[in-house]
Structure formats: C-alpha cells, structure tokens
Amino acid sequence: MFDPFIAPSGTLLGLLQRGRGDGTLHALAAPRPEALAALNHCVLSDPRHDWQVENRSLYYARLYLDLDGGIEEVERHLCDPDDHLDTDDSRTGLALAVLGHLASYGRGDALALLRRYAATGANWAWALDELALRDDDAGLRALAVPVLGRFPATEEGAAELAATVRDAYEPRPWRLWAEDPRDEIGARVRAASEQGSFDRWQRQMRPGGPRPGWSVQAVFDWAQQGLERGGTLHVPAARCLTAVAGPEDRPTIVEAARSGPDGARCAALHYLAEARDPAVLDLIEAGAVSASRTVADASVAAFERMCGDAAVDRARSWARRPDALGASAAGVLACRGGAQDASLVLGALRAAVRGDGPDAPRLWTLVDGAGRLGIGCAAPVLRHIYRETSSSHLRGRAARALAATDPSFATGFAVECLWDCEETTREVAALHAETGDIRVAERLRRLAADPAEEAEVQTAVRSRIGPDTPAA
C-alpha cells in the first residue's frame, strides 16, 4: 500500500479513499485480492478529513458485498490489543459503521462481530448504536450484563452510567434494559435515566451568561472575559447587544468596533454587520488588517454574515485582494453576486486551486458559485477539483456545478457518480446520467431496489426509470 495518507487519484487505493464511483468500478475489474486489500486499507485506516460531513460506510459495505469479501481483517483490527490503548473513535468508527451496513444487508458474521465488540471493545458505545438500529430485542437484551459491567457499583460508576444513558445517541437498548426485571439491570438503568434527566434540568436552570437588565458595557465585558478564557462569544454577544442596545448606544458600539478590546471589538463588529450599519464595512476593512488575528478573523466572519446590496457592492471592490477579506468577498459574490461577477468568481476559483490545491476550504463556496452562475469556462477547473480532491463532499459540489456548466457531464462523470459514496452526489447522477448507457440503466434499477438507499436518491432514480421498469 501507499505511504501517503491519501494515495494518488489515479490509483485504485486513491479512488477508494476518495469514495469515487470509479473506485468501485475499478475494484470490480481488478484482481480480487488486490481490490480487497485496498478496501481493507480504507476501512481500517479512515481516509476522511471530517467524518461528520463525509460518507464512506455504505460505499465500502456495498463493495464488500460486490466482492463477496470476508471481514477477517476487520475482526483482527477490532480485536487487536491496541483497541484498548488507542480508544479514539477514528480508529474503529468507520469499521463499525461498515459492519452495521453489512448487518442490515443480512450478513450474520457482521452482526455477530458487532455484538462481540459491543461486549468487549473499547468503542462499545458506537457498536451499540449500530446494533440499536439493526439488532432484534433478544440480541440487545443479551448485552445488558456486559455493558453495565463496565460501570462499577460505586458513586463514580453511577455518575458515569447516568451520563452515558443521558447522552446515548440511540436510546433503544437503554429503554429495553430499563424494563429488565432484575434489579442489577432494570433498576440501575432506571435510576441512571432519572439522574441524567435531573442533571439536564439542573444545567438548564443554572444561570449563566447575559441576563435581562445587562448594559451594553456588561455584554462587552462578558465577551472579553470569554475570550480571555479561551472561548469565542462574539456571535452570542452580538445577539445580546441586539436585545439591550438602543439608538443612544450606537456611538459606544461603533467606537468599540474601531478600537475596543478584542472581545468587545469582535462582538461590536458582528452586531453592526447584522444591523447593516452604514459604518460597518469601513470598520470591517480596518479590522481585517488588524495585528490581532482574533479581530482579523472576526472581521471577515462578520462580513460573510452580511446581507444586502451594500455588502455585494463592496465585495466587488475587495474580491481581488490577496488576503482573507478578498477570499471572503469572492465567496460573497459566488453566493449572492450576479452574472456580471462571473469573471471575479472564476478568477478566485482558479487562484484558490493554484495557490492552495484541490482541498482548499474556500473552494466549497466558489464551486457552488460557478454552478449557480453557470460559468461554462469553469468546467476544466471543476473537473480537476472533482478528480483530485480528497473531500467527497467537495467532489459532490463539483459534480453539481458540472451538471450546470459541462455539456459532457451526463455521459461522463455523471455515470461514475451513480456509485459515489455521497448520497447527494448519487442523486445528482440519477437526475443527469445518460440512460442510453447500459451500466446506467442497470445501476438505476439496483438503487431503486436497495432498501439501504436514501429516499431522495430513490425518488430521483424513479423519476428516470418510471414505475413500470422491472427492478434488478
């Protein structure tokens, strides 16, 4: 396998790590041992930069099924002694999610491994959540003893159990266990549930932060104190100013936005931006070049939250700046600009790829803007981003933009997108892929019949194949 975290996009491993549809198609055409080795590498070494916005588990589970692959490597990974040394979710979360999908497809070996890991593994809570969606009542009830055995019958153990029950992502197992007639099971879970509810009520009733009667200066002090403690309260403080400030307070707020302490200055900038104060754009421009990184970042963020024609007009004059404010201005034009701004958005898109590569965070907005404005000459750079980015979410945005700008999309990338890891990308493909390709027709039928497929994708599929088309 390759040493880099993300392998080159032209390799089988690189395609699978990115979750591209071509990854599945190449894996099915490759020698089976090579394909399974690359698949196991991806599942056991999560390639995602942000698992909260990028999907891989269903994509990998489907490929296990297509390759008739076993889960022996996944089992070795989960049962390795490192499991109790490296307990970060990123080590095992993707593997457990893949097992969950395999269990939903009827793979008994995946279900059995999930049960065993929930009883003995370090990341047992994730495994339990997967089982909560897919296991029967008997299977979940059998896990009560090993799971509750993790919490000693001490005051600390009871508090930890209460917090676990309170914060459980899937409550079904805990509800089943609360019905258990055994005191060491049912009574413990019911007591933990009651304690968790009481803890939540206490947090809600505990006063903290701004209260009625606060002055503008008190809000500024609160924002500054939060900054000194390492927090960022700019936005909530701006909302508080909306509640307590009157017309007579404007000079104080404008002065704070110009030269106040960092916490107060950031809060004031956000407040004035929300209020569309006529002075705020000049204050943002001054803040963006502040020696304080906190103020500079808050100035850009405040501008991005602005609406209205004045912000768009100012963005046109800032879009060519080589700093963060210029990048933000280009993003504003991508989101809210008109046809006359196409050249500025395209220039910013090209500059972002040249300067920061195909994974630059600012590309998300610019790619959307290229599609929204229908910038046809952006298609080459959009295709480059589609191929090279390691973010499946950004690739999906590039696919949507290509659907609006590239006449060859329907017969090109749209076909492979039917196998993409992101459901939103599969939805775009289902709406645009050329059905004259026999692979497209067959894939559409399979997606329509797959119970694990998202409803939005199936709706798009059925709009193309019709109700009378036989399922695969």
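The values are calculated or read from the model by the stated rules, or taken from the named source; none is laboratory data. What you see is a predicted model, and the numbers here were worked out from it, not measured in a lab. Cβ: placed from backbone, ideal geometry, glycine included. Neighbour counts: every protein chain shown. To get the accessible areas, we keep the full protein, side chains included, count just its heavy atoms, and leave off ligands, DNA and RNA. Shrake-Rupley method; radii C 1.70, N 1.55, O 1.52, S 1.80 Å.
Strictly greater than 16 Å: what percent of every Cα pair in region 389-454 meets that? Result: 40 percent of Cα pairs exceed 16 Å.
Take the chain with all the other protein chains still there, run a 1.4 Å probe, and you get 46 Å² of accessible area per residue.
For Rg and Dmax of the Cα atoms in Å, the candidate list reads [x] 26.6, 75; [y] 21.5, 70; [z] 50.6, 157; the entry that matches the value derived from this model is [x].
Here the 3J(HN,Hα) profile of region 450-460, calculated from phi with Karplus coefficients 6.51, -1.76 and 1.60 at θ = phi - 60°, is 7, x, 7, 6, 5, 4, 5, 5, 5, 4, 5 Hz, Gly and Pro shown as x. When the solvent-accessible area of the chain is split by element, carbon and sulfur atoms take up 52 percent of it, the probe being 1.4 Å. Computed with a 1.4 Å probe on the full set of protein chains, the accessible area for T459 sits at about 100 Å². Fully extending the segment from R250 to V53 would add 66.9 nm, taking 0.36 nm per residue of separation and subtracting the current Cα-Cα distance. Phi-derived couplings, Karplus 6.51 cos²θ - 1.76 cosθ + 1.60 at θ = phi - 60°, listed residue by residue for region 310-324: 4, 5, 5, 4, 5, 4, 5, 7, 9, 4, 8, 5, x, 10, 5 Hz, with x used for Gly and Pro. Across the chain, the mean sequence separation of Cα contacts (distance under 8 Å, 6 or more residues apart), normalised by length, yields a relative contact order of 11 percent. Mean residue ellipticity at 222 nm, helices only, the chain: -20000 deg cm²/dmol; runs of at least 4 DSSP H residues each add -39,500 (n - 2.57), and the sum is divided by the number of residues.
Got the relative contact order for region 258-311 handy, in percent, Cα pairs under 8 Å and 6 or more residues apart?
Across region 258-311, relative contact order equals 39 percent.
Protection proxy ranking for 122-135, 85-98, using the average of other Cβ atoms within 10 Å per residue and placing the highest first: 122-135, 85-98. With an 8 Å cut-off on Cα pairs and a minimum separation of 6 or more residues, tell me the relative contact order of region 40-151 in percent. After rounding, I find 25 percent. Under the rule a/c < 1.5 gives rounded, and otherwise a/b versus b/c splits prolate from oblate, where does region 297-363 land using the Cα gyration tensor? Judged from the Cα gyration tensor, region 297-363 comes out oblate (a/c at least 1.5, b/c at or above a/b). Full extension of the chain segment joining S408 with T154 gains 84.9 nm, where the gain is 0.36 nm per residue of separation less the Cα-Cα distance. Projected over every direction and averaged, the convex hull enclosing the alpha-carbon atoms of region 144-189 yields 2.9 nm².
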